[in-house]
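Peer 1: Below you will find the structure I want to go over with you.
The values are calculated or read from the model by the stated rules, or taken from the named source; none is laboratory data. All figures in this text were calculated on a predicted structure; none of them were measured in a lab. Reconstructed Cβ throughout: ideal geometry from the backbone, glycine too, with neighbour counts over all protein chains shown.
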Amino acid sequence: MSTQIVNIQPLSQPVDLGVEPATFSPDVEAEIDRHLAKYPVMRSAILPLMFIVQRERGYLDPPGVLYLANRLKLRVTDIWEVATFYSMLHTQPIGKYHIQVCRTLSCKIRGAGKITEHCIQKLGIKPGETTADGRFTLSEVECLGSCGTAPMLQINFDYHEDLTPEKVDQVLDALP
Ligand code: FES
């Protein structure tokens, strides 16, 4: 006897986040307007707008996500799909310095595992965690396009290449 499947929900449901949308200063709104004006299709501005909201709020928090959905006339789930795809977008608070160690082939062959392990030992956190003082978040990510200088990592927007554990120490110890 076949089982009848009932109550199949559409893939994308309206989502009530239970928050008010974020608000931004007139300067930030003007910056957002400038980006929206560049694109004939509004949703194409999703990434630049996400970076602005993330910059202003520290991460893509529920009020920020709701703001983006309203501003881009998209569903919350549309925003969420993009927010959770890219490693440079954050849906949880992250540390002041986001250390992203590349773990893809070239870096892997040239010692990325040692670099990650060194960061784990030095910072006392595992990938996906943030130090208790909120200073560092450690992540492992896929190829950052700097394979010729493997192994490498990215801290916020800066690349650090041809790494050794000693060089990682120098880079981390020099951060303000
Ligand atoms: S494999 Fe690490 S940057 Fe490409």
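Peer 1: Has segment 20-38 got at least one residue that is free of Cβ contacts under 8 Å to residues at least 24 places away in the same chain, closer than 26 Å to Leu144 by Cβ, surrounded by 14 or more Cβ atoms within 10 Å (Cβ to Cβ) and in contact with a Pro (Cβ under 9 Å, 6 or more places away or on another chain)?
Peer 2: yes
Peer 1: Would you mind stating whether Pro151 is more than 17 Å from Gln54 (Cα to Cα), surrounded by 13 or more Cβ atoms within 10 Å (Cβ to Cβ) and touching a strand residue (DSSP E or B) at 6+ places or on another chain (Cβ under 6 Å)?
Peer 2: Answer is no for this residue.
Peer 1: One residue is enough: does segment 102-119 have a residue meeting the conditions farther than 19 Å from Pro165 by Cβ, more than 16 Å from the ligand (Cβ to nearest atom) and surrounded by 15 or more Cβ atoms within 10 Å (Cβ to Cβ)?
Peer 2: No, because not a single residue in segment 102-119 is farther than 19 Å from Pro165 by Cβ, more than 16 Å from the ligand (Cβ to nearest atom) and surrounded by 15 or more Cβ atoms within 10 Å (Cβ to Cβ).
Peer 1: Can you confirm whether segment 137-144 contains a residue that is more than 16 Å from the ligand (Cβ to nearest atom) and either assigned by TED's automatic domain parsing to the domain that holds Arg55 or surrounded by fewer than 19 Cβ atoms within 10 Å (Cβ to Cβ) (or both)?
Peer 2: No - not one qualifying residue is present in segment 137-144.
Peer 1: So Val168 passes all but one of these: (1) in contact with a Pro (Cβ under 8 Å, 6 or more places away or on another chain); (2) within 16 Å of the ligand (Cβ to nearest atom). Which condition number does it fail?
Peer 2: (1)
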